[in-house]
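Before any comments, here is the structure.
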Amino acid sequence: MLFSLGISSSLFAQRSNLKSPDGFLPYPLGSRFTPHHLLVDYFQYVDHESDNVKVIQYGQTYEYRPLIAAIISSPQNMQRLDDIRLNNLRRTGTITGDIIDDSIAIVYLSFSIHGNEAAGSESSMAVLYALANGGEPYDSWLKHTVVIIDPSLNPDGYTRFSQFSNSISSIPADPRHEVREHDEPWPGGRFNHYVHDLNRDWAWQTQQETRDRVAFYLQWMPHVHADLHEMEAEASYYFAPAAQPYHPYFTTWQAEFQKIIGYNHARHFDEKGWRYYTKERFDLFYPGYGDTYPGFAGAIGMTYEQGGAAFGNKALLLDNGDTLTLADRIAHHALAALSTIEVSAQHASELTKEFALYFHNSISDPPGQINSYVIPLTNAPGKISELVALLKLNGIKCGLVKEDKNSIKGFSYASGDHASFNITKGDLLVPAAQPRSALLQALFEPEGKLSDSLTYDITAWSLPLAFGLDAYATEDFIGFTPLQDTLRTVELNDPHPVAYAIQWGSVPSTQLLVSILEHGMVARYALEPFTAKGVSYDAGTILLMRSDNERYPQFDQAVRTLVSGSVVPVSTISTGYVEIGKDLGSNYYPLVRKPEVLALSGDEVYPTSFGEVWQFFEEELHYPLHIINVSALDNMDLSRYNELVLNEGYYNFKEETLKRISDWVNNGGRLVAIGAAINSVVGKNGFSIKHTDKANPDSMQLAENTTPKTYSSGARDFITEDIQGAIFKTEMDKSNPLSFGLGQTYWTLKTNLASYSWLKDDQNALYLGDDPMYFGFAGAKALEKIDRTLVAGEESHGNGTIVYLVDNPLFRSFWNNGKVLFSNVLFF
């Protein structure tokens, strides 16, 4: 055995003047949770005292807490740290130059991306001390590794949880399940400020913490990444190798090294007599995780899970009669982290060579059959610019098609089928042959190949479908020039037009509309397509008419200032007379609603659904959202608002409350029910939405089976009746304002089996027909339930409306075309 570990063991044996966490903190490590500022203080203290440690701040949270990382290596390596980093980037092909075979493995340890899985952050101090304090075997390991310790990936959530625990926990800790210290309040410390799950966000980078962290990650491109979590308290400890399914773009080497690391962990855990398990539950498929995203960057990406989490708090009585303490959980995490460094040091030469080979193959022989992805410029420029921005954040290169080409064969994302298409010079081109090829192809594929349908997360996420883009994938190699900048599309030729026309159908379009409304201008939108002066405009086009804004001072100058530099097409219309369609003075150009939106939070609301709406307003639209707890709704004067958003949740509205909401809608309000929130109004007076009448296609009678089902078949039987995350092609009523700007096709991400009947008459904007096309996994019995069901619809109720969004359009904040749908709900 190369090293010993226990909170009171030789880990804290003092070999230098460096203080251990016990000596630095005003309490023993593991006796309570460490406030984030003290965690940062300890890391900075070690940096100051040790020449082997360099602490940097790579970003900050929404609540302005620092995101830090400690870089630790041998004195010799620390003196040439940037040379090691740049040499490693040359292995990836992202920078040019000769590669030195230095056989130094870069190991990145990420702690507590879920803030209430706080034993990880606590253990980071123990790991830092062991390495900085020095002695064998640590000094030997550091000759062959550069270790990056990210002690708290979610400081805001970690602070929310630690403050809860430290403010109410008993002394000594009360391990009984029913006491308050095991009852974390809503929304919990799992999430960041905007109540997002950061461990589902690596690929999408919708959150500031993720963007800062991934930018730092890409500066280093580690060879091994371990993501340390906690799980339900009765579980033991989970480490690599991961469960199936593995995404097919993971290499044989990546899979084999997971086993090598797992064997090393098992050896140390066996010596301690600690329970653990591998190869279950936590797979390597969805690209948004802290194990899979590094895997798509050539690393050995792994999840480690310790039983405990928020419910465990500082101590919890287990079913076997033992008490699981925070100190126990810290010891387990620290051992797994140090074992990771140990095995990486032992295999540093293999890791660096296989890492270089991974990127050589990505450039010269990329995985998959696709060689080029084409996004025509006929798409909304706002959507293209959003896609390009996300690709850049992930280090994916793109360019512009060099020349026109006709009759290319490939896959059409709009139709979901193979097609022949033409491309035009200047179309966006994303080549498969590039360093980030595996991630690119994983993000663009309509669906990955599942080796096992029992997977931990959604099974489809294709970016062209998420962004609502008319795009193509082809095996052809298409020439391109590097993309320098997004094309500007403003064309303001007439200095004194009758109207300014703004293209609708992207988040930048919504942002521009919000800016216009916030400046006090009046806007209208087109209910039907029209043609004026030979130029065609789509339904949903935003119109700033001079006649509506005569009282606005310097109207033309103000409009030009607001739209300058915009990626959204803006043009001038010189006459109200329309050749095709309705003249601009017609009632077919209603006023854009200026929403006064009330949203609900609290115990009956899904935290992430609330966070998705909250962030969309504050971070993307920069538009006010008024938030109250559900409990305050009974006393709220709804007349001050024209929209009420029911985020996903399980609401227990009183009859009087529903009556007040129904009366408010009748007087002109708009109620928006998202996902599970629809259940709170099904079958209630004033709401026509209802569940489908189909009989539950549940199980067959035992007599119809040749043999009884086995006890172990339960999980697989369940998935036949479930849709955990698949993309369905909807039918669209393109004349319905809820469909404006969505493009040729709207693909909905369905994450549950909720099924509601079509609304009556013309109220169904988006719906599923018979046997809808889909990508990803959906159980056979589940598919029977969702035929001919509603996706998005709107019913009139007196002077107001009720909007039903069956599939959450803001899911994880990455389904960008869903944001267009939600914008239609808000403004039209």
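The values are calculated or read from the model by the stated rules, or taken from the named source; none is laboratory data. The shown structure was predicted, so the numbers you read here are calculated from the model rather than taken from an experiment. Note: ideal-geometry Cβ built from the backbone for every residue, glycine included; neighbour counts use all protein chains shown. Just so you know, the surface numbers come from the protein's heavy atoms only, side chains and all, with ligands and any DNA or RNA stripped out. Shrake-Rupley method; radii C 1.70, N 1.55, O 1.52, S 1.80 Å.
Pull up region 74-88, narrow it to residues that are out of contact with any Lys or Arg (no Cβ under 8 Å at 6 or more places or on another chain) and closer than 18 Å to His223 by Cα, then point me to the one that is most open to solvent (accessible area, probe 1.4 Å).
Asp83
Would you point out the residue of region 159-215, among those that are within 18 Å of the chain's Cα centre (by Cα) and among the hydrophobic types (A, V, I, L, M, F, W, C), that is most open to solvent (accessible area, probe 1.4 Å)? Top of the filtered list is Ala215.
Would a scan of region 339-346 turn up a residue that is open to solvent by less than 10 Å² (accessible area, probe 1.4 Å) and under 26 Å from Phe411 (Cα atoms)? Scanning region 339-346 turns up no residue that is open to solvent by less than 10 Å² (accessible area, probe 1.4 Å) and under 26 Å from Phe411 (Cα atoms). Apart from one condition, Met521 fits all of (1) modelled with pLDDT of 95 or more; (2) in contact with an Asp or Glu (Cβ under 9 Å, 6 or more places away or on another chain); (3) closer than 26 Å to Leu387 by Cβ; (4) not in a strand (DSSP E or B); the exception is (3).
With the condition kept exactly as written, say whether any residue in region 482-492 is assigned to a loop (DSSP other than H, G, I, E, B), touching a strand residue (DSSP E or B) at 6+ places or on another chain (Cβ under 7 Å) and surrounded by fewer than 16 Cβ atoms within 10 Å (Cβ to Cβ).
So far as region 482-492 goes, yes, one or more of its residues are assigned to a loop (DSSP other than H, G, I, E, B), touching a strand residue (DSSP E or B) at 6+ places or on another chain (Cβ under 7 Å) and surrounded by fewer than 16 Cβ atoms within 10 Å (Cβ to Cβ).
Restricting attention to region 137-151 and to residues that are hydroxyl-bearing (Ser, Thr, Tyr) and surrounded by 21 or more Cβ atoms within 10 Å (Cβ to Cβ), the residue that is farthest from Asp227 (Cα to Cα) turns out to be Tyr138.
The strands (runs of 3 or more DSSP E) falling completely within region 390-435 that include 1 or more residues that are in contact with a Leu (Cβ under 6 Å, 6 or more places away or on another chain) and surrounded by 20 or more Cβ atoms within 10 Å (Cβ to Cβ) map to 399-401. The single residue among Leu67, Leu81 that is farther than 21 Å from Gly307 by Cβ, in contact with an Asp or Glu (Cβ under 6 Å, 6 or more places away or on another chain) and among the hydrophobic types (A, V, I, L, M, F, W, C) turns out to be Leu67.
Filtering region 427-448 to residues that are in contact (Cβ under 8 Å) with a residue 60 or more places away in the chain and more than 21 Å from the chain's Cα centre (by Cα) leaves Pro431, Ala432, Ala433, Gln434, Pro435. Assessment of region 767-783 against the conditions (open to solvent by less than 10 Å² (accessible area, probe 1.4 Å), over 25 Å from the mean Cα position of the chain (by Cα), of a type outside the set (D, E, K, R) and modelled with pLDDT of 95 or more) yields at least one matching residue. In region 679-732, the residue that is most open to solvent (accessible area, probe 1.4 Å) out of those that are acidic (Asp, Glu) and at pLDDT 50 or above is Asp693.
Here's the yes/no breakdown for (1) surrounded by fewer than 23 Cβ atoms within 10 Å (Cβ to Cβ); (2) more than 21 Å from Gly30 (Cα to Cα):
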residue	(1), (2)
Tyr263	yes, yes
Thr278	yes, yes
Phe285	no, yes
Ala309	no, no
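Go through the residues of region 550-564 one by one and say whether even a single one is open to solvent by less than 50 Å² (accessible area, probe 1.4 Å) and in contact with a Lys or Arg (Cβ under 6 Å, 6 or more places away or on another chain). Checked region 550-564: no residue is open to solvent by less than 50 Å² (accessible area, probe 1.4 Å) and in contact with a Lys or Arg (Cβ under 6 Å, 6 or more places away or on another chain). Checked against (1) touching a Leu at 6+ places or on another chain (Cβ under 8 Å); (2) part of a loop (DSSP other than H, G, I, E, B); (3) in contact (Cβ under 8 Å) with a residue 60 or more places away in the chain, Ile95 passes all but a single condition, namely (3). For region 194-220, enumerate the residues that are in contact with a Phe, Trp or Tyr (Cβ under 8 Å, 6 or more places away or on another chain) and among the hydrophobic types (A, V, I, L, M, F, W, C). Selection gives Val195, Leu198, Trp202, Ala203, Trp204, Val214, Ala215, Phe216, Trp220. Just to be sure, is Thr510 buried (at least 22 other Cβ atoms within 10 Å of the Cβ) and touching a Ser or Thr at 6+ places or on another chain (Cβ under 6 Å)? Answer is yes for this residue.
The criterion of at least 3 residues that are in contact (Cβ under 8 Å) with a residue 12 or more places away in the chain, farther than 20 Å from Glu117 by Cα and within 22 Å of the chain's Cα centre (by Cα) is met by the following strands (runs of 3 or more DSSP E) wholly inside region 239-336: 243-246.
Looking across Glu117, Glu63, one residue alone is touching a helix residue (DSSP H, G or I) at 6+ places or on another chain (Cβ under 8 Å), surrounded by fewer than 15 Cβ atoms within 10 Å (Cβ to Cβ) and closer than 27 Å to Tyr293 by Cβ. It is Glu63.
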